[in-house]
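Okay, structure first, notes after.
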Amino acid sequence: MFGVYELKRQADLRMEFNEKLQLLRKQKGLTQEELAEQLFVSRTAVSKWESNRGLPNIDSLKAISKLFSITIDELLSGDEILLAAEQEKNENARSLRTILYGLFDVMNLVFFFIPLFGEQNGDFIESVSLFAMKSLESYMLVAYVVIFGITSVFGIVEILLQDCQNYFWKKNHPFFSMALTIAATLLFILSQEPYIAFFQFWLLIIKGFLYMKQP
């Protein structure tokens, strides 16, 4: 097979994965952009692999193996196989955490309709939904709708981008999510809505726990 023959002939099985990938790509006359197109990944991903800043996930490794007619065992050393497995595990855990962040944020849509807001009714305060409040000032209603709306939309974006490899997004979306929850918690504390403030506070605690657990 072309890939195996060339690697063995040049004693390149001792090379690291990034060096093997560069060699195989150049032997096949491909640019990074062309290789990325054949593997259905971004050119940035190929550049990262070739500069030894990460390893492909299992699906990309299978695609590379098929493209160059070489086994995964010949592409990766023993240590690299362990590293790739650990990387895959971390990526799966990160995707799950992103989905959970997204679900918690989308949950804000529910807060429009469940009775978590206090409404004065004679000598009593009864629990009502947001849109059932009659004494709420219009500017406060707008503030509540805005914070719920922005957080919910951001949650949908998080779910859609659960597998996004952009470094800025991966690093910062938990901070954006927690910042929105902090803003909501403070808003409801200041407007003296203890029930919804309590729920927002616990969402913040859970998000903080998820963030502390990430590798």
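Any read-out appearing in this document is the output of simple, stated calculations on the displayed coordinates, not a laboratory observation. Because the structure is predicted, anything quoted here is derived from the model rather than measured. We place every Cβ from the backbone using ideal geometry, glycine too, and count neighbours over all the protein chains shown.
Annotations
- In Å, descending, principal axis extents of the Cα set of the chain: 89, 28, 21
- Note on region 68-181: the alpha carbon radius of gyration divided by the globular reference 2.2 N^0.38 Å gives 1.67.
- By the Stokes-Einstein formula, at 1.002 mPa s and 20 °C, region 131-215 with its Kirkwood radius over alpha-carbon pairs has D equal to 151 µm²/s.
- Simple rule: put +1 on each Lys or Arg Cβ and -1 on each Asp or Glu Cβ in the chain, find the dipole, and look at Asn57, Leu210, Ser69; the Cα lying farthest toward the positive end is Ser69.
- Simple rule: put +1 on each Lys or Arg Cβ and -1 on each Asp or Glu Cβ in region 92-213, find the dipole, and look at Ser95, Asn121, Phe176; the Cα lying farthest toward the positive end is Ser95.
- Out-of-range pairs (alpha-carbon distance over 21 Å; input Lys62/Lys213; Lys48/Lys207; Lys171/Lys213; Lys26/Lys170): Lys62/Lys213; Lys48/Lys207; Lys26/Lys170
- Membrane-span-like helices in the chain, defined purely by DSSP H runs whose alpha carbon atoms cover 27 Å or more axially and whose average Kyte-Doolittle hydropathy reaches 1.6, are 138-160.
- Partner aspartates and glutamates for Lys28 [C-alpha distance under 17 Å; skip if fewer than 8 residues away on the same chain]: Glu6, Asp12, Glu19, Glu37, Glu50
- Cut-off of 10 Å, at most 10 other beta carbons, DSSP loop: longest stretch of the chain lacking such trypsin sites (Lys or Arg not before Pro): 135-215
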